[in-house]
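Student: Could you have a look at this structure, given as structure tokens, before my questions?
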Amino acid sequence: MDYKIRTKIAQILLEDKIALGTEVTILGLVRSSRVSKDVAFVDINDGSCMGNLQAVFGNPDSLPILKSVTTGCSVRVKGKLIESQGKEQKYEIEAASIDIIGEADSTYPLQKKRHTMEYLREIAHLRPRSNTFGAVTRMRSKLAYAVHKFYQDQGFYYIHTPLITTSDCEGAGDMFRVSTLDFENIPKKDGTIDWDSDFFGSEAYLTVSGQLEGEIMATALGDIYTFGPTFRSENSNTARHASEFWMIEPEMAWAELPDNMDLAESFIKYLIKFAFDECADDMKFFGQWIDKELIGSLESVMSSDFERLSYTDAIKLLEDSKKKFDFPVKWGIDMQTEHERFLTEEVMKKPVIVYDYPEAIKPFYMYVNDDEKTVRGMDVLVPRVGEIIGGSQREHRLDVLNERIKKKGMDNMETYYGYLELRKYGTCPHAGFGLGFERLIMYITGMANIRDVISFPRVPRWAKF
Ligand code: 4AD
């Protein structure tokens, strides 16, 4: 059997590429079927787009197999593309034959009805076949392409940074260990674990960020970006945290904080526009079924400037609001999601870039301002999601960086010697940020839980499939 001879449903419904009257072969999964005495309808979806194609059989009695066509089975339908008689679709197939390739009985877990997100997570191997997860998956693919296009068109080079590392970029200690030591028989030296006998000859982890290597590459190549998986072992069981997520990290040499903000703002606007232009069908679905206000709110983001607010002003706004937060507000706190969402959703009603954070709550690599109390960090906050981007201008002055490292009490300095040498030889101002890809997908699709925007989520106590 030659499965290459097929027409994808997207070519018919989305691309309008197939002329009426053409004989086509459709391969896909049955979403529903109705057989009556005079006519049978079989709705087929092949994943290439949101829409189903309806195959219409004029004389069902001549095809007894139709009685065995059930929701979930895979089929091959041959027939002629015609204009649909019904109002709901433009095209249908005047079907001549149908073969069942793979059966699905009545235990098929995705019967034609609305399922809860929780139920669908339990069947992550089948949920890509649902409308919602088909749309999310197509959106991820398109937006991943858009990320590359955005940077490549501006001369940024795509860098592959290691997933296994010995450094903790964010200094938060939320790292998964990578080790081949025998748990039953851990080697010790002077009473402590002998890491020297481990695979890499030292402690090693899965990376939390490609930034440190990104800086190395940017200070050689100019503008670079990474796009890869990152891992965090923080025990945050929230709708916005995953233990494995994808991050896009641009890094620009010869750039300061305002340049970084400009890049972040134009990047997010570009991705939203791309979604509207290239995924109109799926966007319509999200606007109709996932969040009724999605389309209007994203459209307004494209046409207005992001608010830029210093941390100090942001804290003042929160204090002046007199709102009761679970976590009390005062200068110096690490803002919580409730504060971030209040600023972007209720005060500004649009994306906000908060910058110049207290030195004490930000990692060692951020540029220290003249006031010595704040650093040139920035977070982009968006309605519904909260923080979507975190970034900064980097500390490129060797003496200040050394001072900061000492102050932070970082001990494993041999790990960072290369990073420090960037400042010793031909240092230059540079800046970059990280955009969490899943949070972006949540923002653009309106999906409320990070577990539902990545096919196989990894979160505390869940690594199935
Ligand atoms: O603010 P973060 O921790 O920044 C960094 O990692 C920097 N090294 C980036 C850089 O400057 N190159 O993380 C950046 C973004 C966050 O704004 C958020 O969107 C996402 O990564 N993120 C997460 N997404 C899902 N689950 C988690 N546990 C996340 N932690 C961070």
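Student: So, in segment 418-427, exactly how many residues are closer than 22 Å to MET175 by Cβ and either free of Cβ contacts under 8 Å to residues at least 40 places away in the same chain or part of a strand (DSSP E or B) (or both)? Spell out the reasoning first.
Tutor: Taking segment 418-427 first, the residues closer than 22 Å to MET175 by Cβ are 418-420.
When the remaining residues are screened for being either free of Cβ contacts under 8 Å to residues at least 40 places away in the same chain or part of a strand (DSSP E or B) (or both), the result is 420.
Result for segment 418-427: 1.
Student: Go through segment 163-192 and give me each residue that's among the small types (Gly, Ala, Ser), closer than 22 Å to PHE227 by Cβ and more than 16 Å from the ligand (Cβ to nearest atom).
Tutor: none
Student: Sort through ILE444, ILE454 and tell me the only one that's under 22 Å from VAL208 (Cα atoms) and of a type in the set (A, V, I, L, M). Steps first, please.
Tutor: Working: ILE444 fails: under 22 Å from VAL208 (Cα atoms).
Within the list ILE444, ILE454, the selection yields ILE454.
Student: Let me ask something additional. Looking only at segment 357-395, count every residue that is without any contact (Cβ under 8 Å) to a residue 60 or more places away in the chain and more than 21 Å from the chain's Cα centre (by Cα) and tell me the total.
Tutor: Residues flagged as without any contact (Cβ under 8 Å) to a residue 60 or more places away in the chain and more than 21 Å from the chain's Cα centre (by Cα) within segment 357-395 amount to 16.
Student: Please list, ordered by first then second residue, the pairs with beta carbon atoms under 6 Å, 6 or more apart or interchain, first in segment 51-71 and outside any helix (DSSP H, G or I), second among the basic types (Lys, Arg).
Tutor: Close Cβ pairs satisfying both conditions: ASN52/ARG31; THR71/LYS112.
Student: Between a residue in segment 208-230 that is near the ligand (Cβ under 8 Å from one of its atoms) and any residue that is among the charged types (D, E, K, R) and at pLDDT below 95, which pairs come within a Cβ distance under 8 Å, given they are 6 or more apart or on different chains?
Tutor: VAL208/ASP168; VAL208/GLU170; VAL208/ASP174; SER209/GLU170
Student: Within the set of pairs 6 or more residues apart or between chains, which connect a residue that is near the ligand (Cβ under 8 Å from one of its atoms) inside segment 428-444 to a residue that is among the β-branched types (Val, Ile, Thr) with Cβ atoms less than 6 Å apart?
Tutor: Cβ pairs passing all conditions: PHE433/ILE389; LEU435/ILE248; LEU435/ILE389; GLU438/ILE450; GLU438/VAL453; GLU438/ILE454; ARG439/VAL385; ARG439/ILE388.
Student: Looking at segment 451-465, can you tell me whether even one residue there is among the aromatic types (Phe, Trp, Tyr), over 15 Å from the mean Cα position of the chain (by Cα), in a strand (DSSP E or B) and away from the ligand (no atom under 13 Å from the Cβ)?
Tutor: Let us first name the residues in segment 451-465 that are among the aromatic types (Phe, Trp, Tyr), namely 456, 462, 465.
Add one more test, that the residue is over 15 Å from the mean Cα position of the chain (by Cα), and what stays is 462, 465.
Narrowing further to those that are in a strand (DSSP E or B): 462.
Retained after the next criterion (residues that are away from the ligand (no atom under 13 Å from the Cβ)): 462.
Yes - at least one qualifying residue is present in segment 451-465.
Student: Just checking, does segment 250-263 include any residue being within 25 Å of ILE361 (Cβ to Cβ), of a type in the set (Asp, Glu) and part of a helix (DSSP H, G or I)?
Tutor: Yes, that holds for at least one residue.
The values are calculated or read from the model by the stated rules, or taken from the named source; none is laboratory data. Not measured: the values here are computed from a predicted model. No Cβ is skipped: glycine too gets one built from the backbone with ideal geometry, and neighbour counts run over all protein chains shown.
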